[in-house]
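Read-outs throughout are calculated quantities, based only on the coordinates presented, and are distinct from any laboratory measurement. These numbers come from a predicted model, not from an experiment. Glycine also receives a Cβ, built like all others from the backbone with ideal geometry; neighbour counts cover every protein chain displayed.
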Amino acid sequence: MREIEISLRRYILIALFLLATSIIALLSYFWTQQFFKGLDGMMRGTMLNLASSYSVSEGEQLKVHNFLIVKHWQRLPPEVQQAFSPTEMEDNQLYKKVFRENIWDRPNAAIFLMKFRQGAQTGFISHQFSEQFTSIPAPWYKSPEAIAISVALLAIAIFGSIVLMLMHTVTKPVNALHKWASTLDATNLEEPPPQFKYKELSNLAHLIQQSLVDVNTSLKREQDFVRYASHELRTPIAIIRSSVELIDKVSPSLPIKCAKAIKRIDVASHEMATLSETLLWLSKASKPKLDCQPIYLDQLIQSQVKALSYLIAERDIQMSFDLSRYQVWLPSAAAKIVIGNLIRNAMQHTFCGTIEIHQHQDLITIKNTESIDNLAPQIDTLGYGLGLKLVEQLCQQLNWQCHIEFVKGGCCASVYLCKH
């Protein structure tokens, strides 16, 4: 399954935003908790000071600055007793109960209670309040929680704005580098690269240009070699073929061994001529416009099979044809190269088997099958696929459709000789 591609810029933005949101949320939570812990610490210190400053006797209730000090639990107000349990309380620890409608509203009431122990003196000290609205109540957004959330959102917004500015500053020259690299071709490859805002991007641009220059130089060298080699080979190949024809005419009756050797030379010269012509056409920088002419595909196939029949002269191969009369306007030379390479490839790599050639209008299918398993060619070798690779390149240059499929013991190649 193909992995989902994501934008690096979007990934960094989302990661930084989530990181900043998490940190700011945690800091805002800790800030709110520390705020209330500070208030609780002040309340606890005040209660301990009052407990140590005043003593209360049995059954007495002492009220000092709205703090109620008693000796026993039963002397506490009923609402305090309902809010807490004496068995769960520890000495000198503050316990509180806050009443509010929701987290955004200010508390309506609160009860604070401590079980104190100061030397030999023990007891309970409580404090409670209920808000009496003598004026308009403060709005919800002035509560500590709302303020904390507002500060957190503001911090996230500021952080996000800074990150967006930084990303824009960084991605703008990166996009410029991408745009420049996408315009590189053989015509402007030697031009000096532009200078970018960041030194690293300028160095990367030099590396990209140098890599493309090296690749282009290597490609030109290979193209020149193929073109020169193919061109220079035409003369010796023509001499070899002329010499073979001359020997046949001068000495038609030769010993069997000599005749076989000359036959092999003739076959090799034909193959070299065809390959040289194909490579020379493919290596041309600008492909010439080929002249089209009416061609009967069935006749072209039959003539190519006849011309290449020497390849299977001494082999046990069954040929089958399914051809239909069909005329089409095509470049004759290119059609001969494509059809000839397909037929040649099928004949060269079939030693004992069948070759089926089907032609319906402009669709040609050639299938070769080896009947003996141990003679089946290895389809992953370069020799078996070289002719097919040449056909694929030719079809790509001519905008023809070509489909090649390797089957058990052979190969099936199909080609459309018209633009579809």
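Enter the angle in degrees (range 0 to 90, nearest 10) between the Cα long axis of helix 144-182 and the first principal axis of the Cα atoms of the chain, meaning the one along which they spread out most. Tilt relative to the chain: about 20 degrees. Ranking of Ser242, Ser303 by neighbouring Cβ atoms within 10 Å, starting from the fewest: Ser242, Ser303. Net length available on complete extension from Lys63 to Lys260 is 57.8 nm, with 0.36 nm assigned per residue and the Cα-Cα distance removed. Remark: segment 8-155 projects, on average over all directions, an area of 12.3 nm² (convex hull of Cα atoms). Please give the FRET efficiency for Lys306 paired with Asp224, using the beta carbon to beta carbon distance and R0 = 45 Å, rounded to the nearest 0.05. Once rounded, the FRET efficiency stands at 0.80.
Modelled spin labels at Lys37 and Tyr11, positioned 7 Å past Cα toward Cβ, are 3.9 nm from each other.
A convex hull fitted to the Cα coordinates of segment 186-286 yields 96 cubic angstrom per residue. What the Cα convex hull of the chain gives, in volume per residue, is 353 Å³. Ordered by the number of other Cβ atoms lying within 10 Å of each residue's own Cβ, fewest first, Leu177, Leu297 fall into the sequence Leu177, Leu297. With a cut-off of 14 Å between beta carbons, the residues surrounding Pro173 carry a summed charge of +4, where Lys and Arg count +1 and Asp and Glu -1.
Note on Phe406 and Val328: the extension gain reaches 25.2 nm, defined as 0.36 nm multiplied by sequence separation minus the Cα-Cα distance. Estimated from helical segments only, the mean residue ellipticity of the chain at 222 nm is -18500 deg cm²/dmol, where each DSSP H run of four or more residues counts as -39500 (n - 2.57). Sorted fewest first by neighbouring Cβ atoms within 10 angstrom, Ile404, Ile23, Ile301, Ile343 come out as Ile23, Ile404, Ile301, Ile343.
Charged neighbours of Gln318, selected by a Cβ distance under 15 Å, balance to -3 (K, R count +1; D, E count -1).
The angle between the Cα long axis of helix 297-307 and the main principal axis of the chain comes to about 60°, on a 0 to 90 degree scale. For the chain, the relative contact order is 8 percent, taking Cα pairs closer than 8 Å that sit 6 or more residues apart in sequence and dividing their mean separation by the residue count.
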